[in-house]
Amino acid sequence: MTLAVTELFENIWKNYLSVTPSAIRVHELLGAGEELINDHVAYRTFNLEKVGIDKLAAPLLALGYQAKGEYHFEAKKLYARHYEHADPTLPKVFISELLVEKMSSDVQAIIHKIVEQMDAQATQAENFLYSGTHWQISYDEYLTLLKESEYAAWLAAWGYRANHFTVSINHLEGIDCINQVNDIVRDGGFRLNSSGGEVKGSPDVKLEQSSTMADVHPVVFSDRTAEIPSCFYEFAKRYPMDCGNIYTGFVAASADKIFESTNQD
Ligand code: OOG
Ligand code: NI
């Protein structure tokens, strides 16, 4: 049985909060207790048959989502797609995947080893999009991934859960511009991702984005527990295109920097 779409996102949100407690406070700072509209949520995966983008997208397609834009990240060795629902109050979903064959043989071996531990049916479970990891990984293996791909290391440690939620600035009451949002969040004591500047994008590309740096949260590795970056909160303001419709896609150059919100200091 598939969950109703609102119930699905509530479960994804609760699971995200469980490792991202700062999101509760940021949500309060911007929403003053009101509900916020999410522009999008994001997922990370590996481009392997068992867990590729299509596997994560399947439950979304079943709920009426459709595939829209495609994005390539050459340096980070990633490919991504985004999905939209006809109901504009439902979040878009941005799903990226690591091009595993482009990694070193050491890294590929660790990735294959963890994905092999997954039950073949795991992606079909009702809770897959908030199920976390389906494998054991040692801290040393995590560090091996981290040296080559922060993305691979994050995914191996955290698995299948929303990597971030994104407040739609367009829908905020009494807050108009992204600089205002950034000031509120910074004054609230949170660190913003400054890679490429705090504001990514511009009205010219029809999308402005900023994000917090991920919380730090314990992960239980097979041999020890360690505190590492978990998930972050993003803010997005969208602009109308020449035809008058609001731009609903993503901007690869900006996304490239948003990925770095889970970097370690
Ligand atoms: C996704 C980064 C890209 C955006 O809004 O451009 C992104 C990630 O960090 O997994 O979310
Ligand atoms: Ni995002």
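What follows is calculated from the coordinates using simple rules that are stated; it is not laboratory data. Keep in mind that what you see is a predicted model, and the values were worked out from it rather than measured. When we count neighbours, we look across all protein chains shown, and the Cβ atoms used for this are built from the backbone with ideal geometry, even at glycine.
Summary of values
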quantity	calculated
Cut-off under 5 Å, modelled amide H: who pairs with V219 long-range	A226, E227, I228
Amide H within-cut-off set for H40, under 5 Å, with H built and near neighbours excluded	K92, T166
Prolate/oblate/rounded call for the range 112-188, Cα gyration tensor, a/c under 1.5 rounded	oblate
Burial order of peptide ranges 256-264, 162-170, 17-25 (average beta-carbon count within 10 Å, highest first)	162-170, 256-264, 17-25
Average projection area in nm² (convex hull over Cα atoms of the range 65-163, one quarter of hull surface)	7.0 nm²
Dipole magnitude of the chain about its Cα centre (Cβ charges: Lys, Arg +1; Asp, Glu -1), debye to nearest 20	280 debye
Pairwise FRET efficiency - C243 versus K50, Cβ, R0 = 35 Å, nearest 0.05	0.30
The range 139-265 - Rg (one decimal) and Dmax (whole number), Cα, Å	16.4, 56
At R0 = 35 Å, FRET efficiency that the Cβ-Cβ distance of Q136 and Q66 yields, to 0.05	0.45
Square roots of 5 times each gyration tensor eigenvalue, C-alpha, the chain, largest first, Å	28, 21, 18
Placed amide H near Y233: partners under 5 Å, 5+ positions off or other chain	T212
Distance between the range 1-34 and the range 180-198 - C-alpha centres, whole angstrom	20 Å
Among 233-240, 96-103, the order from most to least packed when residues are scored by Cβ within 10 Å on average	233-240, 96-103
Euclidean distance between Cα centres, the range 235-265 to the range 84-113, Å	17 Å
Ellipticity estimate at 222 nm from DSSP helix runs (n ≥ 4, -39,500 (n - 2.57)) divided over the chain, nearest 500	-9500 deg cm²/dmol
Using θ = phi - 60° and Karplus 6.51 cos²θ - 1.76 cosθ + 1.60, couplings along the range 85-96 (whole Hz; Gly, Pro as x)	10, 4, 7, x, 7, 7, x, 5, 10, 9, 10, 10
